[in-house]
Every structure is written in C-alpha cells, then in structure tokens.
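Participant: Mind looking over this structure? Questions follow.
The values are calculated or read from the model by the stated rules, or taken from the named source; none is laboratory data. The shown structure was predicted, so the numbers you read here are calculated from the model rather than taken from an experiment. So basically every Cβ, Gly included, is an ideal-geometry build from the backbone, and we count neighbours across all protein chains shown. These accessible areas exclude ligands, DNA and RNA; they are computed on the full protein's heavy atoms, side chains included. Shrake-Rupley method; radii C 1.70, N 1.55, O 1.52, S 1.80 Å.
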Amino acid sequence: MDNRTNKLYNLNIDADGIALLTIDQKENPTNLFSNEFVKAFIEVCNEAVADENIKGIIVTSGRSMFMPGADLRELEKIGTDAEKQFNSMMEMHRAFREIEKAGKPLVAAINGTAMGGGLELCLVCHHRIVLNNSKIKLGFPESKVGLLPGGGGTVKAPYLLGMQNALMYLLQGKEVRPQQALKDGLVNDIAETQEELIEKAKAWILENPQAVQPWDNKKYRIPGGAFWTPNSVQTLIGAVGNVSKMTHGNYPAQSSILSVIHDGLQLPVDRAFEVEARYFTKLVTSKEAKNMIRTGFMGMQAARKGKARPKDEAPYEVKKLGILGAGMMGAGIAYVSAKAGMEVVLKDISVENAEKGKAYSQKLLDKAISRGRSTPEKAAALLDKIQATDDPKAMQDCDLVIEAVFEDPKLKDKVTKETEAVLSGDKIYASNTSTIPISLLAESSERPENFIGIHFFSPVDKMPLVEIIVGEKTSSKAIAAAIDYTVAIKKIPIVVNDSRGFFTSRCFGTYVNEGMFLLEEGVPAAMIENIARKKGMPVGPLAVHDEVTLTLSKHVIESNPAAKNAETERAYKIIIDLIGKGRTAKKDGAGFYDYPKGEKKKLWKGLAEMFNADINALDQETIAKRIMHRQALESFRCLDEGVLNSVVDGDIGSVLGWGFPIYTGGALSYIDYVGIQNFVADCDAYQQQYGNRWNVPTSLRALAEAGLSVHDFKREGSLVG
Ligand SMILES: NC(=O)c1ccc[n+]([C@@H]2O[C@H](COP(=O)([O-])OP(=O)(O)OC[C@H]3O[C@@H](n4cnc5c(N)ncnc54)[C@H](O)[C@@H]3O)[C@@H](O)[C@H]2O)c1
C-alpha cells in the first residue's frame, strides 16, 4: 500500500508501518459522514488491514473539525424505500464490523469536533484519543433532527458509557468537551498537543498489535451493570416515563432509541446492529425527521447565513451600532452586538439609565465568568465597547441605529427626527417596535428607504430569531444591511413585509385567542392546556397569555382600532371580563392561573364557574385541531397576503418565534403534515360552525385540489432572495 492523496483523504505510511489516514474532504466546507466517504473509508481500511506491512491505522482530520456529522442533505433526499435503505445500512455495518474484528488496531486521533456520524466513525476505531481543546465537542445530536445514531452509535454508546449516561447522550443529544468525554469513557485518552496526539496513537498501536472492541470482548463489563441488572432495568423504566412526558409521542426518535437499547443489549452485538438499522430506517423515512432536517437544520442554516438577503446589494458592515433606549430590549441588543465585536452607543434619557442598560451586560458576563464561559479580560473588553450616553448626537458615526424606546408613536417620531439630524444619509435606521407598522413610523423619516424594522424577541441574548420588517418604502439596501447585521450577531433572520402584528405576533395571537374561545365555549381550562402541550406547544395558550399579560393584549387591541374584527372583539370581551375580576398577569400573581408564592402555578378555580366548564363540551380531537390548525391557517394567510416571502421563513419564524413544534416542520409545513386536503376539509367544517376566522384562502384550496403541498406555493415579484 502506498501513500496517496485524493479528494476525500490523505494517506501517509511511516517507517514503522503505521498508516496515518487524514480525512480531508477537499470539495466540502467540512468533513462529512456521507455515502461516498464511508465507501472510501471502508476501502482504504480494508486495504490497510490486508497489507502485512501495516501495523495499524490512525484516523485523524486535516480540517478544523474532525467530522461534525452526517451529510444531512443526503439524508433529506432519502426516499421512502425502506428496504433499500435498510440494506445499505447493513452493508455499512458488516463492513465496519469486519474492520473492527480484523484485529489490526485502529486509533481515532480526534483533533476537532466529532459529532454524530463523525463520532460513530471514531467508535469503529479500537482506541480514541482526543486533543485537550475546549472548542472540541463530542456527542450524538441525531435525536435533534428526528434520527438516532445509525452508524452503530446507539448500540455502542451503552457499552462505553453505561446505560444511564448513554441515555443522556442519545436521547437529549448531550454534547461534551474533551475532559468530560474522557471522564465518561467516550474516549480513552487525552493529548495536550497535536504532536502528542499522534505520538500517543502510534504508541498505542505498537503496544496493542491485536486490538479488540469492548463489545467483542467476553470479559468486558458494561459500566453500571449489564442490561438485566436491577439498576439498568430501573433506569430504562424511568427513561420510558421521561420520554413519554417529554415527547408526548410526537417525536419517534426518542422512543426508537429506547427500543434499540432495550433490544440491542440483550442480543449478540451483530444482531443489535440489525435492530439499530431497522429503527434508523424507520426514522429516516419518517415525516418527522424530514421536517426536522428541512426546517431545523437546512432552513435555519441557510437563514443563519443570510440566504434571504437581496443578492445584488453590497455587504453592509456595522462597525458602530447606535441603540436608542437602554431598557429591557436595548440592553439585550447592546450585549449581543458588543459580543459580536461591534462598538455600541447605548442612549437613554439619562446617563444613569443608559448605564443601567449597560449593567445588564455586566450581569450576563459575571454569570458567564462564574460558569467558566468567559474571562474577566474578555468581559472587560466587551464592556469597553459599550458607551452609555444621553446625547442624541452620539449617534452620528453609527452605521446602524436601532430604536428601542417605549412603544409610543409620538416618542418614536421624536427620536427618529433627532437621530436623522445627525446620522449620515446613507446609514440605516431601524425600529424594534412590536406592534406599530413600519410604514407608519417611516412617515417621521426623511429617508424612508433607509427605514426598516428589526424585531428582536425577549430575552434578546437567548432568543435566536429576528424578524426583519420591510416597510412600503424600505430599499433593498436596507434589507441587506439588516440581514447582514443579524447574521453578524449570530441570530437567524426572517424577512417579513409590513402588516399588523407582522408575522409572529399575529399568528401567536391566534393561538392565545383560540385557547380563550375554547374556554368560553365551556371546554375546561385544564383540557385546553394539556391538549396544547400534548400536541407539542411548549406552554398552554392560557399560561402563555398570563406571561404576555392580559393588560398588554387589551392595550394592543385598543390601540389598533383599524384591525378590529369579530375575533378581536370576542377576545377583547373575555380579556376585559377577566381584568375586571383582577385577573391580569402572571407578574401580578393572578391570571388564568393563580401563582401562589413558592408553589407551582394552579389554574384559577373561578374559570370553571365563569365559563360553565363542561368536560363534554367538545371532543379532544377537535380541541387539538382548533388549537393547531388555527395557527397554521393564519400563517398561510401571511404567505398568501405577502407578509411572508417564503414557506421556510414561516416555518422558522413559528418554531423559533413562538415555539410551534418542530416535528411538524413549522406552522406552514404542519398543513402538509396533517394532509393538505384534510386540513382544508377541517377548516371548511369549522368555518360553518365557528365563523369566518376559518375561511380558507383560495390559493390554499387550489393547492389542495391540485394535490400539491404548501411548499408548492409561489408568488411573483418578491423583493428578497
Ligand atoms: N419587551 C419585549 O418583549 C419586546 C419585544 C420586542 C419588541 N419590543 C419593543 O421594543 C421597544 C422597547 O421595549 P422595552 O421592553 O425594552 O421597553 P423598556 O420600557 O424596558 O425600555 C424603554 C427605554 O426607552 C427609554 N427612553 C424613553 N425615551 C427615550 C429617548 N428619548 N431616548 C432614548 N431612550 C428613551 C426609557 O428610559 C427606557 O429605558 C418597544 O417598542 C417594544 O414594543 C419589546
């Protein structure tokens, strides 16, 4: 066997007969576990195994990451031919097993992040040494995209980690750094430098000419005990309960992982791989995994890179950012922007107020330092970037100004004018308003083409979504600038055209309203809340309304008389009734729930009497559909009316904006998930029964009649990418 270089790897054989296989996928941005690579890996390993002059193989990476996972583009394209998929998985398993059982030592020299398929490749190796670099992550994130580790990871992890720890890794996609990986037994050794990593790998090969995997070693004992020990049985029973509580049966990956562990540990290991391949095949061909890969991975990755930006506009760099208002939102925006390296001018009505906003960054940094995620030096450098001021003129050299003062059109008018008096004419001005139309606010501006909405979510440092609102006169340069800024601060932008409530608040509003309407119709509150959560909503519609506050809903309805319709009027009456009874918000201790100090919240008993609760008011299926369909229908309207530019923006916005469950693919893909024709039929029936909020847009009906999907929706003339 000779040295070689090709588009997937480099192979160098040293004087001791040790083959260094450096994975370097030259045509990919990073190394990926793809069909083409696996085939090449198996071939080269087989050759090395067969060559008597080669004592062992070191597998390492020529890129900054070892291998961050499988090529999801490939997985997304897998059709529904389960048998073909299963056979190809088994072919891979058999080949990996031959390499493992050949006796020739393989060592993984993990010099970068190894996740999913990348980590499973390391598990084909008999020994794993990782570089001690805190940037390196190891883990099995497959369950996050609706899959299980299908390269042998689900079977092997319990052998190495023990049942309990393996469950944490597999079910939750736990990621660890090198030190923890060593402690948990995921790797066998750690090295301080790249040289030491390779030296240690060579030494291990020379000391272990006949390598055996733990699962092939009869004397090997699984940490924490084998499957049938009482400890393990109890752990598994507990996990079944937790999984069902966590997923409500909506995410098949988690229960499949449990099944593979349950069956796999009782079977000879080669049969266990067969079980793993069966379940993997079932998952990879499932709607849920396809949805999670499409929206949660592909869609978000593309959005994160600024896919929606108008292509012809030059990149817009924000070196200096101005923020008007150092309240809750302004303070958060200052932190994320300074963290991304921008100079920030944070302005409020007094320096004291502005400093208070800056202190929020200090608080977050102190927490990061206490958790070992930052250092006092880094924190000081970040704080140095934020200049607290009360002087409107301080905005003058800014590339972008984001306004986050009180939600008051008169005040916003004043600060817009004040800022434009000093801001250079080619710079961008954005408002973080949550309810006021951007085109209306832009009337205060002499340069409405530079005026745009950049709508953050609270808390800014945690919430990844940013809704970019395009006003009537907003230029494509301003859209590009807003997207470039959002990408620079590592958030995910979606572009939305101006309309009441934009996209997220408008559709989220239908969730909250439908919850109240069901309540008013006599459905017991607990049923509404439980069914919503069972469908995968993170918080019930009544509980989330308490968090938003009923007083805010009242204010929003009152301040938008133009948006009045039967639905808002009905919601308004219910809200007013509740407020009249002192039920206003979670922060006030009383809303749909009671919030006794130091105890868990409880639904307010008075609701049953107030709305004549009756357990038989409506069947569970209809309740579930009304809660979920209503959000999807409103999302489709946003698409139809041009508020949304694309299905994927709606899907991402719904998942990240208000927690619409990702297994459905998002609020628009949900329509396909339940079947577009069923969806339309349900909405038609509800329209008859419950009124016009259930009207089906003509374009949706046409898609259903043509047997198409929401993803086939097309509209001409969109401004964005
Ligand atoms: N709170 C949220 O969850 C949320 C989410 C998205 C958008 N928003 C929007 O963001 C904006 C700010 O909201 P917030 O929650 O941060 O409000 P906030 O009340 O916490 O802060 C507003 C700040 O603006 C300051 N201010 C008032 N007049 C000013 C002036 N002339 N110049 C500079 N600063 C001035 C106030 O002193 C205060 O510190 C609002 O438009 C709101 O609708 C809020």
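Participant: Could you tell me which residue of region 396-408 is nearest to the chain's Cα centre (by Cα), considering only residues that are near the ligand (Cβ under 10 Å from one of its atoms) and not in a strand (DSSP E or B)?
Facilitator: Among them, the one singled out is 404.
Participant: Do any residues in region 458-471 that are in a strand (DSSP E or B) have Cβ atoms under 6 Å from those of residues that are of a type in the set (Gly, Ala, Ser), where the two are at least six apart or on different chains, and which pairs are they?
Facilitator: 465/657; 468/482; 469/453
Participant: Additional query: Pick from region 434-447 the residues that are at pLDDT below 95 and not hydrophobic (A, V, I, L, M, F, W, C): which of them is surrounded by the most Cβ atoms within 10 Å (Cβ to Cβ)?
Facilitator: Looking at residues that are at pLDDT below 95 and not hydrophobic (A, V, I, L, M, F, W, C), I get 437.
Participant: Also, quick follow-up: Quick one: count up the residues across region 232-254 that are assigned to a helix (DSSP H, G or I) and surrounded by fewer than 16 Cβ atoms within 10 Å (Cβ to Cβ). Outline the logic, then answer.
Facilitator: So the first thing to find is which residues in region 232-254 are assigned to a helix (DSSP H, G or I), and the list is 232-247, 252-254.
From the residues that got through so far, the ones that are surrounded by fewer than 16 Cβ atoms within 10 Å (Cβ to Cβ) too are 233-234, 237-238, 240-242, 244-246.
Within region 232-254, residues that are assigned to a helix (DSSP H, G or I) and surrounded by fewer than 16 Cβ atoms within 10 Å (Cβ to Cβ) number 10.
Quick grid of which residues meet (1) within 29 Å of the chain's Cα centre (by Cα); (2) open to solvent by 70 Å² or more (accessible area, probe 1.4 Å):
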residue	(1), (2)
7	no, yes
29	yes, yes
32	yes, no
48	no, no
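Participant: What are the residues in region 372-396 that are at pLDDT below 95 and touching a strand residue (DSSP E or B) at 6+ places or on another chain (Cβ under 7 Å), if any?
Facilitator: Those that are at pLDDT below 95 and touching a strand residue (DSSP E or B) at 6+ places or on another chain (Cβ under 7 Å): none in region 372-396.
Participant: OK, next. What residue, of 471, 453, 522, is in the same structural domain as residue 325 (by TED's automatic domain parsing) and over 24 Å from the mean Cα position of the chain (by Cα)? Break it down into steps so the answer makes sense when it comes.
Facilitator: Numbers: 453 fails: over 24 Å from the mean Cα position of the chain (by Cα); 522 fails: in the same structural domain as residue 325 (by TED's automatic domain parsing).
When all the criteria are applied, what remains is 471.
Participant: Looking at region 266-305, which of its residues are over 18 Å from residue 69 (Cβ atoms) and open to solvent by 60 Å² or more (accessible area, probe 1.4 Å)?
Facilitator: Selection gives 266, 268, 270, 271, 274, 278, 282, 287.
Participant: Among 280, 273, which is the only one that is hydrophobic (A, V, I, L, M, F, W, C) and touching a His at 6+ places or on another chain (Cβ under 6 Å)?
Facilitator: 273
Participant: Cβ-Cβ distance below 6 Å, separation of 6 or more or different chains: which pairs start in region 332-359 with a residue that is outside the structural domain of residue 385 (by TED's automatic domain parsing) and under 16 Å from residue 484 (Cα atoms) and end on one that is open to solvent by 40 Å² or more (accessible area, probe 1.4 Å) and away from the ligand (no atom under 11 Å from the Cβ)?
Facilitator: none
Participant: For the structure I just gave you, tell me whether residue 308 is away from the ligand (no atom under 16 Å from the Cβ), within 30 Å of residue 69 (Cβ to Cβ) and touching a strand residue (DSSP E or B) at 6+ places or on another chain (Cβ under 9 Å).
Facilitator: yes
Participant: Among (1) at pLDDT below 95; (2) part of a helix (DSSP H, G or I); (3) open to solvent by less than 20 Å² (accessible area, probe 1.4 Å), where does residue 76 come up short?
Facilitator: Residue 76 satisfies all of (1) at pLDDT below 95; (2) part of a helix (DSSP H, G or I); (3) open to solvent by less than 20 Å² (accessible area, probe 1.4 Å) except (3).
Participant: Every residue in region 683-707 that is polar (S, T, N, Q) and outside any helix (DSSP H, G or I), please. Reasoning before the result, please.
Facilitator: The first filter runs over region 683-707 and keeps only residues polar (S, T, N, Q), leaving 687-689, 692, 695, 698-699.
Listed by number, the list holds a single entry, 695.
Participant: Still on this model: Within the group 428, 402, 468, which residue is out of contact with any Leu (no Cβ under 8 Å at 6 or more places or on another chain) and open to solvent by less than 10 Å² (accessible area, probe 1.4 Å)?
Facilitator: Of 428, 402, 468, the one residue that is out of contact with any Leu (no Cβ under 8 Å at 6 or more places or on another chain) and open to solvent by less than 10 Å² (accessible area, probe 1.4 Å) is 468.
Participant: Only one of (1) touching a residue at least 24 places away in the same chain (Cβ under 8 Å); (2) surrounded by fewer than 21 Cβ atoms within 10 Å (Cβ to Cβ) is not met by residue 616, so which one is it?
Facilitator: (1)
Participant: Go through (1) touching a helix residue (DSSP H, G or I) at 6+ places or on another chain (Cβ under 9 Å); (2) part of a loop (DSSP other than H, G, I, E, B); (3) closer than 25 Å to residue 140 by Cα one by one and return the number of the condition residue 63 breaks.
Facilitator: (1)
Participant: For region 448-463, give me each residue that is within 16 Å of the ligand (Cβ to nearest atom) and either touching an Asp or Glu at 6+ places or on another chain (Cβ under 9 Å) or open to solvent by less than 40 Å² (accessible area, probe 1.4 Å) (or both).
Facilitator: Listed by number, the residues that qualify are 451, 452, 453, 454, 455, 456, 457, 460.
Participant: Here's another thing I want to ask about it. For residue 554, only one of the following conditions fails: (1) farther than 29 Å from residue 435 by Cα; (2) buried (at least 16 other Cβ atoms within 10 Å of the Cβ). What is its number?
Facilitator: (1)
Participant: So, in region 596-612, how many residues would count as being assigned to a loop (DSSP other than H, G, I, E, B), within 13 Å of residue 524 (Cα to Cα) and open to solvent by 90 Å² or more (accessible area, probe 1.4 Å)?
Facilitator: Residues meeting the conditions: 2.
Participant: Another question, if that's okay. Of the numbered conditions (1) touching a Gly at 6+ places or on another chain (Cβ under 6 Å); (2) more than 22 Å from residue 480 (Cα to Cα); (3) open to solvent by less than 10 Å² (accessible area, probe 1.4 Å), residue 671 satisfies every one except a single condition; which is it?
Facilitator: Exception for residue 671: condition (1).
Participant: Same structure, new question: Restricting the search to region 553-592, which residues are assigned to a helix (DSSP H, G or I) and touching a Phe, Trp or Tyr at 6+ places or on another chain (Cβ under 6 Å)?
Facilitator: Listed by number, the list holds a single entry, 557.
Participant: Still on this model: Out of region 182-200, which residues are acidic (Asp, Glu) and surrounded by fewer than 18 Cβ atoms within 10 Å (Cβ to Cβ)?
Facilitator: Taking region 182-200 first, the residues acidic (Asp, Glu) are 184, 189, 192, 195-196, 199.
Hits for region 182-200 are 189, 192, 195, 196, 199.
Participant: Just to be sure before I move on: is residue 422 buried (at least 22 other Cβ atoms within 10 Å of the Cβ), in contact with a Lys or Arg (Cβ under 6 Å, 6 or more places away or on another chain) and of a type in the set (Val, Ile, Thr) in the structure I sent?
Facilitator: Working: buried (at least 22 other Cβ atoms within 10 Å of the Cβ): no; in contact with a Lys or Arg (Cβ under 6 Å, 6 or more places away or on another chain): yes; of a type in the set (Val, Ile, Thr): yes.
Taking the combined requirement at face value, the residue does not satisfy it.
Participant: Take residue 409 and tell me if it is open to solvent by 20 Å² or more (accessible area, probe 1.4 Å), at pLDDT below 95 and more than 15 Å from residue 345 (Cβ to Cβ). Before you say what the answer is, go through the steps one by one.
Facilitator: Numbers: open to solvent by 20 Å² or more (accessible area, probe 1.4 Å): yes; at pLDDT below 95: yes; more than 15 Å from residue 345 (Cβ to Cβ): yes.
When the stated conditions are applied, residue 409 passes them.
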